[in-house]
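Here the structure is laid out as structure tokens; the discussion comes afterwards.
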Amino acid sequence: MSTDAPKAPAGWYPDPNGGKRYWDGEQWLSIPEPAPSAEATDRANRSSRQPRWSRRRTAWVTASIIMVMLIISGGIGLALKVQADEEQAERIAAQEAEEAQAAAEAEAEQAEQERQAAADERERDARDIAVTEIEASVKTMAEEHVADGIVDGPVLEVSCDPVDGGSTDDLTQKTTVFQCFVANEDNGDGTMSGYYYNATMNWDSGNFTYGLGQP
């Protein structure tokens, strides 16, 4: 059995220094490295150039990426606009609701004021009527006193007015004291002579008391 290792065929092989050297099948020969052929150079140049279809594909991919980015950007912009519009609509709706509530409260307050004013007017009218009843009662009493000889007659007229700052228009006053003048003589100069009665009205109960003499 032969122990000889097979020898490499003759030809050019890579040199450790980056070039090429020739092997003749037995030994390395010191001959110049052959210049590369035109075909090899052209093949190397073609391999270094990017194919046209690859450039087109790269351009298409770039354009697609740009388009996708534009679509995403437009979508984000649209979403932000929709959100801004919704927030604006919510603010307007909230403001309108506040204005409507304020208007309703103002209307209710005005209605309450009108109701209270009407009630106060009715109360003043009722007090004026009550004063007339007091005057009628005092006149009746005075006529009885004339009949009994307690005072001189005749009874010409009776007028009752609040005293001590009292007023029938002041609805906060629950009690009013009246001084009632009973005229029994016309002086002919626009004045009258007479005598005084008094009356006290309780507006809560609607009852009053009266008698002869000043309050």
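Helix 38-48 sits at what angle to the longest principal axis of the chain, using alpha carbons and giving 0 to 90 degrees rounded to 10? Roughly 20 degrees, rounded to the nearest 10. Putting +1 on Lys and Arg Cβ atoms and -1 on Asp and Glu Cβ atoms, find which of GLY206, GLY11, ALA118 reaches farthest to the positive end of the dipole of the chain. Looking along the dipole axis, the top candidate is GLY11. Largest first, the extents of the alpha carbon coordinates of the chain on the three principal axes equal 181, 41, 30 Å. Within a straight-line Cα-Cα reach of under 22 Å, LYS20 can be paired with the following lysines, leaving aside sequence neighbours fewer than 8 residues apart in one chain: LYS7.
Longest stretch of the chain clear of exposed loop sites (trypsin sites (Lys or Arg not before Pro), DSSP loop, at most 11 other Cβ atoms within 10 Å, sites excluded): 50-173. Counting Cα-Cα pairs of segment 124-212 in 10 Å increments starting at 0 gives whole-percent bin shares of 18, 47, 27, 9, 0.
Remark: segment 83-99, residue by residue, has Karplus-estimated 3J(HN,Hα) of 4, 4, 5, 5, 5, 5, 5, 5, 4, 5, 4, 5, 5, 5, 5, 4, 5 Hz, where x stands for each Gly or Pro and the curve is 6.51 cos²θ - 1.76 cosθ + 1.60 at θ = phi - 60°. For ALA89, neighbours were defined as the other residues whose beta-carbon sits under 14 Å from its Cβ, and their charges (Lys and Arg +1, Asp and Glu -1) total -3. Here the relative contact order of the chain, from alpha carbon pairs under 8 Å that lie six or more residues apart, stands at 9 percent.
Read-outs: derived from the displayed coordinates by stated rules, not from any lab. Everything numeric here is computed off the predicted structure, so don't read it as measured data. Backbone-built Cβ (ideal geometry, glycine too); neighbour counts: all protein chains shown.
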